1. Taking the stated definitions as given, is Gly92 in a helix (DSSP H, G or I), modelled with pLDDT under 95 and out of contact with any Asp or Glu (no Cβ under 6 Å at 6 or more places or on another chain)?
2. Looking at the range 286-299, which of its residues are open to solvent by 20 Å² or more (accessible area, probe 1.4 Å), of a type outside the set (D, E, K, R) and within 25 Å of the chain's Cα centre (by Cα)?
3. Which of the residues spanning the range 241-270 are closer than 16 Å to Gly116 by Cα and either more than 20 Å from the chain's Cα centre (by Cα) or acidic (Asp, Glu) (or both)?
4. Would you check which residues across the range 106-117 are free of Cβ contacts under 8 Å to residues at least 24 places away in the same chain and open to solvent by less than 20 Å² (accessible area, probe 1.4 Å) and list them?
5. For the range 258-285, which residues satisfy the criterion of being surrounded by fewer than 18 Cβ atoms within 10 Å (Cβ to Cβ) and either hydrophobic (A, V, I, L, M, F, W, C) or at positive phi (or both)?
6. Would you pick out the residues in the range 158-185 that are in a helix (DSSP H, G or I), touching a Pro at 6+ places or on another chain (Cβ under 9 Å), within 11 Å of Ala198 (Cβ to Cβ) and of a type in the set (Phe, Trp, Tyr)?
7. It is to be established whether one or more residues within the range 140-162 are of a type in the set (Gly, Ala, Ser), over 24 Å from Ala264 (Cα atoms) and either open to solvent by 50 Å² or more (accessible area, probe 1.4 Å) or at pLDDT below 90 (or both).
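The values are calculated or read from the model by the stated rules, or taken from the named source; none is laboratory data. This structure is a prediction, so every number in the text was calculated from the model and none was measured. Here the Cβ is made from the backbone with ideal geometry for all residues, glycine too, and neighbour counts use every protein chain on show. When the accessible area is computed, the model is the full protein with side chains, heavy atoms only, and any ligands, DNA or RNA have been set aside. Shrake-Rupley method; radii C 1.70, N 1.55, O 1.52, S 1.80 Å.
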Amino acid sequence: MTTRHDTAAPPTEGGAAPGRPPGDAVAAQKERRRRERLSRRWQRDLRWSPYAFVSPFFLLFIAFGLFPLIYTGWASLHQVELTAPTDMNWVGMRNYTRLFDDDFFWNAAKNTLTIGIISTVPQLLMAMGIAHILNYKLRASTFFRVAMLAPYATSIAAASLVFVLLFGRDYGMINWALDFAGIDPLDWQNDKWPSQIAVSTIIVWRWTGYNALIYLAAMQAIPHDLYESAALDGANRWQQFIHVTLPSLRPTILFTVVVSTIGASQVFGEPLLFDANKGTSGGAEHQFQTLGLYLYEQGWVAQHLGRASAIAWTMFLILIVIGIVNYVLSRRLRASS
């Protein structure tokens, strides 16, 4: 009986293992390198893609927000005219100190305050009432909610022109209704308080529905268990609104108050278009000239860009104060809740 002795085959050239072609090792190495490159690319994409997505906002903000803000602050420290915007003469805080002695500035500030109060308080109260009604199950509720945004979507120019006709002295519908009720007609465009009420009416009409939808969204987020518990305790609808709805809406109410205050400080289009002469003086005696109109008058009519820049930065500082007050109040509300 013979015994068979198998001997190993000699290694091939290149040192490759027997039975495995040399191309497989090269292909595996290429595949590993490709996966490493893809892994590094995926890590870079994961790290830098969020910055790429938000970069358009920051680029636009720098170009149209931050740069004008800084340039306006720099121009407010100079005497510069619209006819020669590159010729700047350093005057320091002179443009700001002149504002404190400017009667027209204080008149515009008082008009802005009164118009803001007359427009903001009724606006938010009406918005709260409308939201409370829409919060119940009504037929065609979607139609009413969409209709609330119609004034907000309407052009300021179109709305202001309609209200100019309504508040006309001789043929306006408002004076016709007052005369029908036995009240003497009012000169809505030339008297101080009637003109401010008329301008405020435009603002109230335009923004009430917008704030009503904000309140409605906040009301729908209130848990129904709170209302059921209040009903079991014997609370009626009015008591539920006072003791359940309003406390739950405190952060939202604070938000709308702050936003409406900021908007009231920047009122421009309504008084501009309500003026019979379509000027920036806010009436013949500046009776409804706001800070926005006064800024525009100084910058583009009187061509004093330095003084207009000082007014703009004063308004900006006022908004910062409003923001600080909002922050303090919101912290106290969160602490109390």
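1. In short, no.
2. If the condition is that a residue be open to solvent by 20 Å² or more (accessible area, probe 1.4 Å), of a type outside the set (D, E, K, R) and within 25 Å of the chain's Cα centre (by Cα), then Leu295, Tyr296 are the ones that fit.
3. Glu270
4. none
5. Val259, Ile262, Phe268, Ala276, Lys278, Ala284
6. If the condition is that a residue be in a helix (DSSP H, G or I), touching a Pro at 6+ places or on another chain (Cβ under 9 Å), within 11 Å of Ala198 (Cβ to Cβ) and of a type in the set (Phe, Trp, Tyr), then no residue fits.
7. Among the residues of the range 140-162, at least one is of a type in the set (Gly, Ala, Ser), over 24 Å from Ala264 (Cα atoms) and either open to solvent by 50 Å² or more (accessible area, probe 1.4 Å) or at pLDDT below 90 (or both), which makes the answer yes.
One line per residue, one yes/no per condition, for (1) touching a helix residue (DSSP H, G or I) at 6+ places or on another chain (Cβ under 7 Å); (2) surrounded by 10 or more Cβ atoms within 10 Å (Cβ to Cβ); (3) among the aliphatic types (A, V, I, L, M); (4) not in a loop (DSSP other than H, G, I, E, B):
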position: Asp45; (1), (2), (3), (4): no, yes, no, yes
position: Pro56; (1), (2), (3), (4): no, no, no, yes
position: Leu59; (1), (2), (3), (4): no, yes, yes, yes
position: Gly73; (1), (2), (3), (4): yes, yes, no, yes
position: Pro85; (1), (2), (3), (4): yes, yes, no, yes
